[in-house]
Amino acid sequence: MREAAALPLIFITAWEGLVDRAAVHSGQKVLIHGGAGGVGHVAVQIARSLGAEVFATGSAASKTFIERLGAVAIDYRQMSVEDYVTVHTGGRGFDIVYDTVGGATLDASFNAVCRFGHVVSALGWGTHALAPLSFRAASYSGVFTLLPMLTGEGRAHHGDILREATRLIEAGKLAPRVDPRHFTLSSVGEAYRALESNDAVGKIVVDIHG
């Protein structure tokens, strides 16, 4: 149940970006920014389940986890965008880039995508220069997972997406990463502090008993 509780938001966000917006398919090279994060690690697993070759940025500390998911780990602190595009795509760029970080990482995504490729972001806020995207004739999509919950429009599709999650889990192709600590309503303050200090290893789950 802890895994089930951790999954819906991050799976829907990852699926809407990769499948609904970018139509990921076999044979593509997909770059996930923040591959060890909540949405990122699920996006890696979805893209791989659909036959894509997956690359994911992260810190040196997340390298082992990213590789365990089956992606090629890219240490964003050690390699520039130009360098990893050259090394992993021969300078062509990635077919799909999913930004789960926002800010400067979205700008980096515009420089990492290939011609006629697609950039998706779950955190596409702020002001960004679109010239690198336009010069590649590439496209951009934003993902706002809460929109159907707030407006009611598209809410039924969330059910369809979660049925896809069930299918992948039962096929052994998807597993959410859950922080091993157990928090309850009486210790929810500690759960928030774990999020604020950025020391969570996976999704934080609060157990509600009674």
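Kindly establish whether Ala36 is crowded, with 16+ Cβ neighbours inside 10 Å, under 15 Å from the mean Cα position of the chain (by Cα) and within 21 Å of Thr166 (Cβ to Cβ). No, not satisfied. The residues of the stretch 193-210 that are assigned to a helix (DSSP H, G or I) and either open to solvent by less than 40 Å² (accessible area, probe 1.4 Å) or in contact with a Phe, Trp or Tyr (Cβ under 9 Å, 6 or more places away or on another chain) (or both) amount to a single one, Ala194. Quick one: Arg155 ticks every box in (1) more than 30 Å from Ser80 (Cα to Cα); (2) touching a residue at least 12 places away in the same chain (Cβ under 8 Å); (3) surrounded by 11 or more Cβ atoms within 10 Å (Cβ to Cβ); (4) not hydroxyl-bearing (Ser, Thr, Tyr) bar one, so which box is it? So the condition that Arg155 fails would be (2).
Within the stretch 47-64, restricting attention to residues that are open to solvent by less than 60 Å² (accessible area, probe 1.4 Å) and of a type in the set (Val, Ile, Thr), the residue that is nearest to His25 (Cα to Cα) is Val54. For the stretch 65-83, taking the residues that are out of contact with any strand residue (DSSP E or B) (no Cβ under 8 Å at 6 or more places or on another chain) and free of Cβ contacts under 8 Å to residues at least 24 places away in the same chain, the one that is surrounded by the most Cβ atoms within 10 Å (Cβ to Cβ) is identified as Met79.
Among the residues of the stretch 29-61, those identified as touching a strand residue (DSSP E or B) at 6+ places or on another chain (Cβ under 7 Å), in a helix (DSSP H, G or I) and either farther than 14 Å from Leu168 by Cα or among the basic types (Lys, Arg) (or both) are Gly38, Gly40, Arg48, Ala60.
Residues to consider are Thr105, Thr86; find the one that is hydroxyl-bearing (Ser, Thr, Tyr) and open to solvent by 40 Å² or more (accessible area, probe 1.4 Å). Walk me through it before giving the result.
Details: Thr105 fails: open to solvent by 40 Å² or more (accessible area, probe 1.4 Å).
Result of the check over Thr105, Thr86: Thr86.
One residue alone among Leu185, Leu133, Leu147 is in contact with a Phe, Trp or Tyr (Cβ under 9 Å, 6 or more places away or on another chain) and either open to solvent by 50 Å² or more (accessible area, probe 1.4 Å) or under 24 Å from Gly102 (Cβ atoms) (or both), and that residue is Leu133.
One residue stands out in the stretch 90-149 among those that are in contact with a helix residue (DSSP H, G or I) (Cβ under 6 Å, 6 or more places away or on another chain), outside any strand (DSSP E or B) and among the hydrophobic types (A, V, I, L, M, F, W, C): the one that is farthest from Val44 (Cα to Cα), namely Leu133.
Contact map, the stretch 13-29: first residue closer than 17 Å to Ala71 by Cβ, second residue modelled with pLDDT under 95 and open to solvent by 60 Å² or more (accessible area, probe 1.4 Å), Cβ cut-off under 9 Å, separation 6 or more or different chains; the map is empty. The residue of the stretch 158-182 that is farthest from the chain's Cα centre (by Cα), among those that are open to solvent by 70 Å² or more (accessible area, probe 1.4 Å) and over 18 Å from Ile46 (Cβ atoms), is His182.
The values are calculated or read from the model by the stated rules, or taken from the named source; none is laboratory data. Quick caveat, the model's predicted, so the values are computed rather than measured. Please note: Cβ atoms are built from the backbone with ideal geometry, for glycine as well, and neighbour counts cover all protein chains shown. These area figures cover heavy atoms from the full protein model, side chains too; ligands, DNA and RNA do not enter into them. Shrake-Rupley method; radii C 1.70, N 1.55, O 1.52, S 1.80 Å.
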